[in-house]
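What follows is a single structure, written as structure tokens, with notes after it.
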């Protein structure tokens, strides 16, 4: 397990011969902000950085502090409410019009309220929309640009910062309640917790799908761990006092967004992870990984934590689950 000093030392070696294009979704605060700032620092601003988020003022402040010698490089913000897939598709079109390739697609935006398990205007579970579906759409829409970077011999990496390593055969994906909108949505906390668990396992499945179909690109699902961010425990009713207590105590056991960002970048920059699927812990170490020599068509195996016949520690899907979840995701996020 790399120490913080080890991660920083490894990150300092990252110096590509080209000017990378990096898209950071959810980077106006928290881990995403930390990653953008560290990414720009290690490259001394030598990158085209695109920040996606909702807070224009925060983005302007972040961009204003990024190194940019003689204003030579483009650092920009594109506003987007990622809970609405139509917005995500529109932003992806803007990005496709701006750049011809994407070297790094990093997604950190999330939602974790236990008090508001809402349904969006598009009929999606809000937790899943802001933790999973938008990631699926961004990858689907921007994958041609990532593939273009790979064809040029450059880094071509996709990273989802969420809940890697949480999958288990004891908790198989409920394929009869895809989207968490089929079974009754009774019990605020139960519905919210179910969605958050689903989002991690769905992300495993999604990245497995893209990795099997694009064996020359690196897809990483990583756990940020406990981070001091703007996130707050949100409980209502008679549990509200518990929220107050937890929001006071939890920061004592968390790391800063700057520390977390170093470990996330350590996993992103790793030169030996240039293709395949990687599930990583909060220090950037792989919990499990698999590399495909050619494109793979997954079958009907329904064994959780097994991908194309290979056991995967912490992997939350099955081959059948991957196929069903991707089919579901394509259907519910379509224009």
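Within region 168-209, the set of residues being without any contact (Cβ under 8 Å) to a residue 40 or more places away in the chain, touching a helix residue (DSSP H, G or I) at 6+ places or on another chain (Cβ under 9 Å) and assigned to a helix (DSSP H, G or I) comprises 194 only.
Pairs meeting the criteria (first residue in region 270-283 and free of Cβ contacts under 8 Å to residues at least 24 places away in the same chain, second residue in a strand (DSSP E or B), beta carbons under 8 Å, at least 6 apart or on different chains) are lacking. Only residues that are touching a helix residue (DSSP H, G or I) at 6+ places or on another chain (Cβ under 7 Å) and either over 24 Å from residue 13 (Cα atoms) or buried (at least 18 other Cβ atoms within 10 Å of the Cβ) (or both): list them for region 46-75, please. Selection gives 47, 49, 50, 51, 52, 53, 62, 66, 75.
Please find, among 328, 266, the residue that is within 23 Å of residue 128 (Cα to Cα) and not in a loop (DSSP other than H, G, I, E, B).
Answer to the selection: 328.
Checking the structure you have, find out if any residue of region 87-105 is out of contact with any strand residue (DSSP E or B) (no Cβ under 8 Å at 6 or more places or on another chain), part of a helix (DSSP H, G or I), crowded, with 24+ Cβ neighbours inside 10 Å and at pLDDT 95 or above. Within region 87-105, one or more residues are out of contact with any strand residue (DSSP E or B) (no Cβ under 8 Å at 6 or more places or on another chain), part of a helix (DSSP H, G or I), crowded, with 24+ Cβ neighbours inside 10 Å and at pLDDT 95 or above.
State whether the residues of region 123-135 include one that is part of a helix (DSSP H, G or I) and touching a strand residue (DSSP E or B) at 6+ places or on another chain (Cβ under 6 Å). Yes, that holds for at least one residue.
Taking the numbered list (1) in a helix (DSSP H, G or I); (2) touching a residue at least 12 places away in the same chain (Cβ under 8 Å); (3) within 30 Å of residue 188 (Cα to Cα) in turn, residue 149 passes all entries but (3).
The values are calculated or read from the model by the stated rules, or taken from the named source; none is laboratory data. Keep in mind it's a predicted model, so treat the numbers as computed, not measured. All Cβ positions, glycine included, derive from the backbone under ideal geometry; neighbour counts span all protein chains shown.
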